[in-house]
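The block underneath contains the structure these notes are about, expressed in structure tokens.
The values are calculated or read from the model by the stated rules, or taken from the named source; none is laboratory data. It should be emphasised that the depicted structure is a prediction, and the values quoted were computed from it without experimental measurement. Cβ sites come from the backbone with ideal geometry, for glycine too, and all protein chains shown count toward neighbours.
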Amino acid sequence: MPIERTLIIVKPDAVQQGHHYEVLDRFRKAGLRTIASYSTVLPKDLVNHHYIHVRENVGDEIADRITDFMISSPVHVVLLEGIDAVDRVREMCGPKSQPRDNLPGTIRYEFSSDTFEQADAEKRALLNVIHSSDSVPNAEAEIKVWFEGFAPQLLTWKREKSHIDDVAEALGYVSKDWLLSIAQESNERKILYHGVKRQADLEQVLREGVLPKTPEGGYCSFWATGNSLFTPMEDSPLFCYSGNREHATKTELRLVMVRYEDMDRNELDEFKPHGQLQVHSVVSPDKISIVKAIVAHPEPESHGRVYRQAAE
């Protein structure tokens, strides 16, 4: 049986009610592995791209309702892996759009009772909890959009340029507004980012959480907010500083994400937009999400070293 990867998006209605924790636990108990995940408020252009088939099939009014719903509050996007993952996840979610049309025990049936009639009467989108890829080709295409697009496929850092402008220019197909929305979400929802370089470190994070290891100013871990995520400095999560930087290297990097409000307030810096925070206590594994990437260092150039990041 083939090992496959598939995409799920836990929609705003489920996230608002805290159902995403139970939803993810169902997949874990079914033997499916979470490869990467993140929570975010979606940019409108991405949602329009994802639901372009809806616009083509049922028209602008319904498509606009779905878009408005999907950008109304955070979603949780997850990359799952397992045997026959696409069909199994689809079956667990429920393949029918209307929750009651699915079998009892499926995620849509259990977590929503909404109907097309109710949604149409209230001129809104149907609240059906979750999206899952419906075929292997669609899963592959969606993973590229939602992960290789969000955790950018190719970033080029240049110190003399505006960081957000430079990232947007290097990506080409990702808008500056999208990157700004990541920084804005970090500030508004108080999302912190922490870089993890080595496999051994990742295993420890998954097992014990993020520990206060750095001795500067008392043992602590460093976390970025807002635009500082995109700043090419040695303490920025997207800047890989291991190894000999005078020669080309390639290192795996994981971004750990956590909400400031979920953290232990003891020995915790006050939240600083677009800044770096020192955390002096352990950030436990149950509070974090992880996005994996590969960071490469090309040879230094005459006008400063150039850094690239490629999403895996």
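General observations
- Any chance Ile52 is among the aliphatic types (A, V, I, L, M), at pLDDT 95 or above and assigned by TED's automatic domain parsing to the domain that holds His19: no
- For segment 18-66, residues that are free of Cβ contacts under 8 Å to residues at least 40 places away in the same chain and either touching a Phe, Trp or Tyr at 6+ places or on another chain (Cβ under 7 Å) or not in a helix (DSSP H, G or I) (or both) total 5.
- Just one residue in the set Val86, Val77, Val145 is at pLDDT 95 or above, under 20 Å from the mean Cα position of the chain (by Cα) and hydrophobic (A, V, I, L, M, F, W, C); that residue is Val86.
- Pairs, first assigned by TED's automatic domain parsing to the domain that holds Ala14 and β-branched (Val, Ile, Thr) in segment 112-124, second surrounded by 12 or more Cβ atoms within 10 Å (Cβ to Cβ) and in a loop (DSSP other than H, G, I, E, B), C-beta under 7 Å, six or more apart: Thr115/Gln98
- In segment 185-221, residue modelled with the lowest pLDDT [restricted to those that are buried (at least 21 other Cβ atoms within 10 Å of the Cβ) and among the hydrophobic types (A, V, I, L, M, F, W, C)]: Val196
- Test for Ile164: is it among the aliphatic types (A, V, I, L, M) and modelled with pLDDT of 70 or more: no
- Members of segment 78-94 that are crowded, with 22+ Cβ neighbours inside 10 Å and hydrophobic (A, V, I, L, M, F, W, C): Val78, Leu79, Leu80, Ala85, Val86, Val89, Cys93
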